[in-house]
Amino acid sequence: MTRWHASLQRGPADRGMTLVELVVAMGIFSVVLAVATVGIRQMVLAVNRTADIGDSTTEVQRAFQRLDRTLRYADQVSALATAGSDWEFWYRLPSSAALGVATPTCYQWRYVAAQRVLQVRSWQAGTTAPSYGTIASRVTAATATPTAAAVPFTSARVPISITSQERGAGVTLMTTFVARNTKQLTPVGQSCTV
């Protein structure tokens, strides 16, 4: 036997794997891979759901913060105007040197169910109202019920509930805003005046 041929022969400890052993190893690896893939997919879905809840919460909180900054100082609040699931109301901030507002400012909020949006616009009283800007875009339900002051309250109240949802994940926030400078609601159909 030549030296080259002798190096190709295997010893008893170096037999290699049989076809059956290889198939069994591949089967076990396939099961482990399938379990890992399902686990990773579930983690990705959970991360996406958490992100959706966070985005929904942020939008609703932004709307509530904007309402809180302005509605509490309103001296006029309209009654709620509804059309099906849609609604709108407006309120007016008086002119105030302390707040740095020279002319009364009107704010109008509306919920458009078909578009799933909560929108707002503001303008100086006596000027033309601009187009609406969207403040929350994943809204699946929203209610607002402005009410005139009643005992024991001395200010108009606006309870609002907003549900924001995307791909099955969402949040519902509810609060009552208080317009401290008005007791009465302005009738539906009357516009924001000076």
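Bear in mind these aren't lab numbers, they're just calculated from the coordinates by the rules spelled out. Quick caveat, the model's predicted, so the values are computed rather than measured. Cβ atoms come from the backbone with ideal geometry, glycine included; neighbour counts cover every protein chain shown.
Just a few scattered comments:
- Two-site label geometry, THR176 and ALA46: point separation in nm, points 7 Å out along Cα→Cβ: 3.9 nm
- Percent of alpha-carbon pairs separated by more than 25 Å within the chain: 54 percent
- Charge tally for ALA179 (other residues, Cβ to Cβ under 12 Å; Lys, Arg +1; Asp, Glu -1): +3.
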